[in-house]
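A short worksheet on the structure shown next.
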Amino acid sequence: MTEMTLDNVEHFVGKNLGTSDWIEVDQSRIDQFAECTGDRQWIHVDVERAKRESPFQATIAHGYLSLSLVTALAMDLGFAPKDASVIVNYGLDRVRFITPVKAGQRVRLKLAMAGIEPRDNRQFVIKSTATLEIENNQAPALAAEILVLVVP
């Protein structure tokens, strides 16, 4: 696929930007996220209790951990112009956490560009639809509309 630049970004509207490689969401990553955020709820960090008491029979990743993976995976797919000065998260229009990601499962991102909204000073916002899929699972982990501000 052609690399996205400031000159050709409009050609990507309505197109699939690709599918990332699979990455594992292991217990170590979940534990690190729990430490970083202070969210140490047992369903995320207590492996033995989760096996006994959780309806998922395993610990699960925080929803916001799954969401945080979207940005890095989207960058790998080249979801913004490579020649922009600055690309920053602008927000989310919609996020749905559909299926919990169990510790040890692998996820990947499918991304499509939904639109571009011009701003002042030649800046613009890219809106993309993101689906974080779970390997061997029909339902995705999440679906989101992500927004990034692009500064030329």
Step through the residues of the stretch 97-111 one at a time and calculate ³J(HN,Hα) from phi using the Karplus curve (6.51 cos²θ - 1.76 cosθ + 1.60, θ = phi - 60°), rounding each to whole Hz and writing x for Gly and Pro. 8, 8, 9, x, 8, 6, 3, x, 6, 10, 10, 8, 10, 10, 9
Using distinct alpha-carbon pairs, which all enter the 1/r mean, Kirkwood radius of the chain in Å: 16.4 Å
Using just the C-alpha positions of the stretch 1-70 as equal point scatterers, what log10 of I(q)/I(0) does the Debye formula give at each q in 0.19, 0.20, 0.25 1/Å? -0.77, -0.81, -1.09
Exactly which GluC sites (Glu not before Pro) in the stretch 91-152 are in a DSSP loop and have at most 14 other Cβ atoms within 10 Å? GLU135
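Laboratory data are not the source of any read-out in this text; all were calculated from the coordinates shown. A quick note: this is a predicted structure, and the numbers were derived from the prediction, not measured. FYI the Cβ positions are ideal-geometry reconstructions off the backbone, even for glycines, and counts take in every protein chain you see.
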